[in-house]
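See below for the structure under consideration.
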Protein chains: 2
Amino acid sequence: MKRAVPVVGLAGYSGSGKTTFLEKLIVELKGRGYRVGVIKHTSHPVEFDKPGKDTWRHARAGADVVALASRDNVAVVRKYKSAPGPEDVLPLVDGVDLIIIEGFKKGSWPKIEIIRDEVPERPTIPVEELLAVIGGSAPQEDVPFYGLEDAAAVADLIEQQFLKKSRQV
Amino acid sequence: MKRAVPVVGLAGYSGSGKTTFLEKLIVELKGRGYRVGVIKHTSHPVEFDKPGKDTWRHARAGADVVALASRDNVAVVRKYKSAPGPEDVLPLVDGVDLIIIEGFKKGSWPKIEIIRDEVPERPTIPVEELLAVIGGSAPQEDVPFYGLEDAAAVADLIEQQFLKKSRQV
């Protein structure tokens with residue numbers, strides 16, 4: 001594989017504001033001209049009953065891969081017999097400058113952790129994988145620390161660490 | 001590209017019973033052990049507001065590629081600046097023995113046409129691309145003709161013409 005797209009993880013308990021923060025981060029990175037891919041892993045079953053009702057009927061009828069192409073996007077749903085891992089999903093997200101991945105806790109990519117004051121527990125992330133901490137109060141670890149509104153500063157960090165380097169290569 | 005997956009088109013006006021017929025055809029082909037991919041092209045805009053609400057929020061925030069991985073499937077939505085054509089979509093449907101494609105009328109793959117008695121107009125398909133006609137009354141063209149219930153016979157035809165050959169290669 002010739003892929004060298006940088007991968008950054010986003011970790012945090014449900015309700016920590018991950019989705020809203022990620023939206024802001026995407027807007028920041030897009031505004032700087034980067035092509036952004038996002039992968040979310042969920043442990044819940046995902047039933048495709050919309051959009052493209054007919055299309056998902058085909059998936060339920062047994063089709064292994066179902067694609068719905070419209071004027072400005074293509075959706076592809078692919079079935080797996082055993083749970084797909086990052087190694088299955090990452091190659092599907094090509095043509096981007098950066099991949100932000102949420103879930104797949106065991107991946108060893110650098111991770112941004114989002115903390116919420118009301119949620120005292122924190123995900124267990126090895127300190128060597130911790131790229132930054134966002135929200136809550138300043139962490140004990142010696143890593144960059146930002147507020148939930150600081151998407152621009154986090155974009156700076158990602159740009160400096162992963163994107164400018166990869167552009168020079 | 002090393003792809004040699006056979007492609008069969010399915011054509012017919014809305015309301016001709018395409019979706020129901022295709023469901024039956026998929027079940028037939030899956031029952032024979034083939035891996036089936038389905039592509040549908042729609043001229044309508046497709047807004048991904050479900051499933052994986054968060055995921056589609058990321059797409060709307062500007063992410064170029066968004067993937068949602070669950071225990072047994074992966075959905076990937078990819079944005080295009082200009083309308084994606086078959087050459088964009090076909091390579092996304094890999095790992096299958098056969099691709100059935102609906103829409104993309106200009107593709108030159110062999111086509112199965114579905115006719116409904118109540119809909120007298122027929123899609124304009126060059127006779128050399130017409131693999132079979134299904135439903136309605138017997139067509140003037142000298143091509144195999146089946147009823148809407150004859151998914152097994154159509155699977156036989158596809159198997160003989162495209163799948164057994166490709167297995168021998």
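The values are calculated or read from the model by the stated rules, or taken from the named source; none is laboratory data. Source: prediction; values computed, not measured. Note that each Cβ is placed from the backbone with ideal geometry, even for glycine, and that neighbours are counted across all protein chains shown. These accessible areas exclude ligands, DNA and RNA; they are computed on the full protein's heavy atoms, side chains included. Shrake-Rupley method; radii C 1.70, N 1.55, O 1.52, S 1.80 Å.
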Could you check region B:65-110 and list, in sequence order, the residues that are touching an Asp or Glu at 6+ places or on another chain (Cβ under 8 Å), open to solvent by 20 Å² or more (accessible area, probe 1.4 Å) and closer than 30 Å to A:Gly103 by Cβ? B:Arg78, B:Lys79, B:Tyr80, B:Lys81, B:Gly95
Only one of A:Gly95, A:Gly31, A:Gly9, A:Gly15 that is of a type outside the set (A, V, I, L, M, F, W, C) and free of Cβ contacts under 8 Å to residues at least 24 places away in the same chain: A:Gly31
Filtering region A:65-86 down to residues that are over 24 Å from A:Val5 (Cβ atoms), part of a loop (DSSP other than H, G, I, E, B) and either in contact (Cβ under 8 Å) with a residue 24 or more places away in the chain or within 7 Å of another protein chain (Cβ to nearest Cβ) (or both) yields A:Ser70, A:Arg71
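To keep it simple, each residue is scored yes or no on (1) farther than 18 Å from B:Arg78 by Cα; (2) of a type in the set (A, V, I, L, M).
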residue: A:Glu87; (1), (2): yes, no
residue: A:Leu92; (1), (2): no, yes
residue: A:Ile100; (1), (2): no, yes
residue: A:Gly103; (1), (2): yes, no
residue: A:Gly107; (1), (2): yes, no
residue: A:Ile112; (1), (2): yes, yes
residue: A:Glu121; (1), (2): yes, no
Tally the residues that are surrounded by fewer than 23 Cβ atoms within 10 Å (Cβ to Cβ) and at pLDDT 95 or above, restricting the search to region B:25-56. 8
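Here is a yes/no grid of residues against (1) in contact with a Cys (Cβ under 8 Å, 6 or more places away or on another chain); (2) surrounded by 14 or more Cβ atoms within 10 Å (Cβ to Cβ); (3) part of a loop (DSSP other than H, G, I, E, B):
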position	(1), (2), (3)
B:Ala63	no, yes, yes
B:Ile112	no, yes, no
B:Glu128	no, no, no
B:Val133	no, yes, no
